[in-house]
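In what follows, a single structure is set out as structure tokens and then discussed.
The values are calculated or read from the model by the stated rules, or taken from the named source; none is laboratory data. All figures in this text were calculated on a predicted structure; none of them were measured in a lab. Here the Cβ positions follow ideal geometry from the backbone for every residue, glycine too, while neighbour counts run over all protein chains shown. The accessibility values were calculated without ligands, DNA or RNA, using every heavy atom of the protein model including side chains. Shrake-Rupley method; radii C 1.70, N 1.55, O 1.52, S 1.80 Å.
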Amino acid sequence: MQIKDVVNENVITTPPDSTVSRVVDLMLEEDVSSLVVVDQNDRPVGIVTESPLLVAVVDPQLSNDPISLHMQRNFVSIHPDEVLDQVVEKFLLYRVRHFPVVQDNKLLGIVTRRDLMRAILGQRTNS
């Protein structure tokens with residue numbers, strides 16, 4: 001099974017100039033633990049997770065900062081043709097909870113560790 005078979009295409013995105021407070025509100029509204037930051041051409045330029053935002057929530061002076069100051073610019077993405085075993089290894093290697101799925105610099109979706117667990121267990125059940 002490949003990542004394209006399990007990718008969540010309903011990925012929540014935000015532009016780099018969104019404020020920290022707006023991104024926190026969006027994450028809470030959408031009940032997600034990460035957002036992909038995209039440029040005006042919908043190309044992924046960063047990812048933001050709960051950890052840096054927790055710091056920003058504690059310090060109200062950061063609430064109007066653009067999210068580009070708090071996003072992770074050097075993030076690992078995965079290709080839709082990668083197989084599940086490869087991505088499991090990447091999750092273990094990079095110790096992240098989310099991978100944007102990107103092809104030709106275009107965001108196709110996101111995959112979480114939980115998505116992989118469901119897919120792998122589903123494969124075993126259907127075997």
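What is the helix-to-structure angle for 84-94, meaning the angle in degrees between its Cα long axis and the longest Cα principal axis of the chain, kept from 0 to 90 and rounded to the nearest 10?
Roughly 40 degrees, rounded to the nearest 10.
Read phi for every residue in segment 16-22 and hand back ³J(HN,Hα) as whole Hz from Karplus 6.51 cos²θ - 1.76 cosθ + 1.60, θ = phi - 60°, with x for Gly and Pro.
Taking θ as phi minus 60°, the curve returns x, 8, 4, 7, 4, 4, 5 Hz for segment 16-22.
Using the beta-carbon distance between Val55 and His79 and R0 = 25 Å, what value does 1/(1 + (r/R0)^6) give for FRET efficiency, to the nearest 0.05? Intermediate values should be presented prior to the final figure.
Details: r = 32 Å, r/R0 = 1.27.
That pair, Val55 with His79, gives E of 0.20.
Run the accessible area of segment 85-127 with a 1.4 Å probe and give the carbon-and-sulfur part as a rounded percent.
Reported share for carbon and sulfur atoms: 48 percent.
Based on the mean of other Cβ atoms within 10 Å per residue, sort peptides 76-87, 57-68, 102-113 so the most packed one is first.
Ranked from most to least packed, the peptides come out as 102-113, 76-87, 57-68.
When Lys and Arg each count +1 and Asp and Glu each count -1, what net charge do the other residues less than 9 Å away from Val96, Cβ to Cβ, add up to?
That works out to +4.
In whole angstrom, and with the biggest value first, how far do the Cα coordinates of segment 71-122 range along each principal axis?
Its Cα atoms span 31, 21, 15 Å along the three principal axes.
Just by accessible area at a 1.4 angstrom probe, what is the order of Lys4, Lys90 from largest to smallest?
On the way: Lys4 105, Lys90 55 Å².
Sorted descending by solvent-accessible area, the residues read Lys4, Lys90.
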